[in-house]
Every structure is written in structure tokens, then in C-alpha cells.
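The following block contains the structure, expressed as C-alpha cells.
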Amino acid sequence: MTSTRYSRTAITLHWLVALFIFAGFGLGLTMVDMSFSPQKLKFYSWHKWIGLTIFALVAIRLVWRLTHPAPAMPASMPAWQRRAAHVSHLLMYVLFFAIPLSGWLFSSAKGIQTVYLGLLPLPDLLTKDMGDIVLAAAEAEKPFTVSELIRLFHKFMNYLLGALVLMHIAAALKHHFIDRDDILGRMLPWLKSRS
Ligand code: HEM
């Protein structure tokens with residue numbers, strides 16, 4: 001049976017992932033523009049640890065979501081909006097996996113092993129030789145390599161996720177302040193329930 005509310009586990013996982021996504025995204029944008037320093041290296045490590053934590057939390061979240069169906073959307077919601085919500089949620093799950101995996105692939109392709117929390121060495125997903133394979137080379141320009149392709153994938157999937165997260169927040173606020181339904185309240189239990 002579909003419940004009318006999210007479970008405490010689903011709510012906790014949702015806000016933990018949201019918190020880590022904001023932290024990892026902000027740190028990613030900050031660290032790439034820093035000049036080389038011990039602080040930059042520290043930020044790269046924190047960024048990788050946050051990203052891998054997201055990867056693990058999302059795996060747990062997906063199992064939870066598949067075994068505990070989300071509450072139904074309000075009957076007043078038009079069919080196209082339900083479809084748009086489903087598609088955007090699905091796309092966010094895909095990106096929650098693709099982004100950390102591409103970051104891990106990129107580090108491996110550069111020949112830098114990822115060590116989770118500085119304690120747990122993770123296997124490299126690619127060798128540096130694979131990362132250095134040249135895909136295109138123009139004279140007088142840096143050759144375009146496999147590792148560069150993965151870096152660009154990581155970057156642009158992040159911008160896509162950023163756009164989806166902004167839409168997600170805008171939709172939640174519209175439900176709360178314009179439609180005045182209980183969609184936001186069921187993910188933020190301390191808001192007064194309207195159902
Ligand atoms: C959901 C998790 C993650 C988010 C939201 C995220 C976000 C970002 C962002 C916004 C950037 C800056 C892109 C740019 O403007 O150039 C970035 C860069 C980077 N990320 Fe991630 N990332 C995640 C996971 C990971 C993981 C798990 C790793 C490695 C294990 C990783 C490794 C890197 C590296 C090495 C860069 C720097 C690329 C460069 O030098 O240009 N990321 N990330």
C-alpha cells in the first residue's frame with residue numbers, strides 16, 4: 001500500500017544527500033579556480049570524500065525507494081506535471097550515480113588513486129595510460145585526451161544537475177505557496193500539514 005507520507009528514513013536520506021550535494025558542488029567550483037597550494041589539495045580530497053559519501057547514500061536511498069514507494073501525488077496535479085516530476089526525479093538519480101563515478105574515473109585516469117577519508121584506498125577504475133589516450137590533436141594545442149573527456153563530462157553533468165536542482169526547488173516552493181498543497185510538508189515534517 002502507498003503511504004501518504006515519507007518515512008523518517010526517506011526524509012533523512014533526502015536532506016543528507018541535499019546537504020552533501022550543495023557542499024560538494026560549492027567545493028568543486030571553488031577548488032578548480034584555486035592556484036596550486038596545500039589548501040587546494042585538501043579541498044580536492046574533501047570534495048572526493050563528499051562525492052563518494054553521496055554515492056553510498058544514494059545507493060541506500062535507491063534501495064529504500066524501490067522497497068518503500070513514495071506517497072502518491074495530489075489528485076489535483078495535472079498529468080503532465082506528474083510526468084515531469086517523475087522524469088526529473090529519475091534523471092536526478094541517474095546523475096547522483098554518474099557524477100561521483102565520473103569524478104572517480106577522472107582521478108583514476110590522471111593516475112591519482114582515491115583514498116576515502118584518507119583511510120580506505122579505492123581501486124582505480126582506469127589506468128593513467130588509458131586516460132592519456134589522445135582522441136584529437138591539433139597542432140600547437142594541448143591534445144584532447146580520454147581524461148579530458150571525462151573531466152568535461154563530470155563538469156557538464158554537474159551543470160545539468162544544478163539546473164534540475166533549481167527546478168526541483170522552484171517546483172517545491174510553487175506547490176507550497178501557490179498550489180498550497182502538502183508536497184513540501186511531507187518532506188519537511190515540521191511544516192504544518194495541510195492534509
Ligand atoms: C555528487 C557528487 C559530486 C559533485 C556534486 C561534484 C561536483 C563538482 C564540481 C561542481 C566540479 C567543478 C567543475 C568545474 O566547474 O570545472 C567538480 C570537479 C571535480 N571533481 Fe567532482 N563532484 C562530485 C563527485 C566527485 C567524486 C566522487 C570525485 C572523485 C573521486 C570527484 C572529483 C573531481 C575532480 C578531480 C574535479 C576537478 C576537475 C578539474 O581539475 O577540472 N568529484 N566536481
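Readers should treat all values here as calculations from the given coordinates under stated rules, not as data from a laboratory. As the structure is a prediction and not an experimental result, all values here were calculated from the model. Heads up, the Cβs are rebuilt from the backbone with ideal geometry, glycines too, and the neighbour counts pull from every protein chain shown.
Pull out a ≥ b ≥ c, the square roots of the eigenvalues of the alpha-carbon gyration tensor of the range 24-76, then state rounded if a/c is under 1.5, prolate if not and a/b is larger than b/c, and oblate in the remaining case. Before the final figure, lay out the partial values.
Values: a/c = 8.15, a/b = 2.56, b/c = 3.18.
Taking the square roots of the gyration eigenvalues as a ≥ b ≥ c, the range 24-76 is oblate.
When the convex hull of the Cα atoms of the range 74-195 is projected onto a plane and the area is averaged over all directions, what value comes out in nm²?
11.7
Same structure again: With springs only between Cα atoms under 10 Å apart, run a GNM on the chain and tell me which of V115, V63, V165 wobbles the most.
Residue with maximal mean-square fluctuation among V115, V63, V165: V63.
How do T145, T4, T12, T67 rank when sorted from fewest to most other Cβ atoms within 10 Å of their own Cβ?
Ranking T145, T4, T12, T67 by Cβ neighbours within 10 Å, fewest first, gives T67, T4, T12, T145.
Out of V87, V17, V146, any idea which swings most in a Gaussian network model of the chain, alpha carbons joined below 10 Å?
So, out of V87, V17, V146, the one fluctuating most is V87.
Enter the angle in degrees (range 0 to 90, nearest 10) between the Cα long axis of helix 146-174 and the first principal axis of the Cα atoms of the chain, meaning the one along which they spread out most.
Between the helix axis and the principal axis of the chain, the angle is about 20 degrees.
Another question, if that's okay. Starting at the first residue of the range 120-137, write each ³J(HN,Hα) from the Karplus equation 6.51 cos²θ - 1.76 cosθ + 1.60 with θ = phi - 60°, in whole Hz, x for Gly and Pro.
Working through the residues one at a time gives 10, x, 9, x, 6, 8, 9, 8, 4, 4, 5, x, 7, 4, 7, 9, 7, 9 Hz.
Can you list the lysines whose alpha carbon is less than 30 Å from that of K142, not counting same-chain residues fewer than 8 positions off?
Within the straight-line cut-off, K142 pairs with K40, K42, K48, K110, K128, K155.
Given the rule -39500 (n - 2.57) for each run of at least 4 DSSP H residues, summed and divided by the residues of the chain, what is its mean residue ellipticity at 222 nm, to the nearest 500 deg cm²/dmol? Please report the intermediate quantities before stating the final value.
Values: 5 runs with 119 residues, N = 195.
When only DSSP H runs of four or more count, the value is -21500 deg cm²/dmol.
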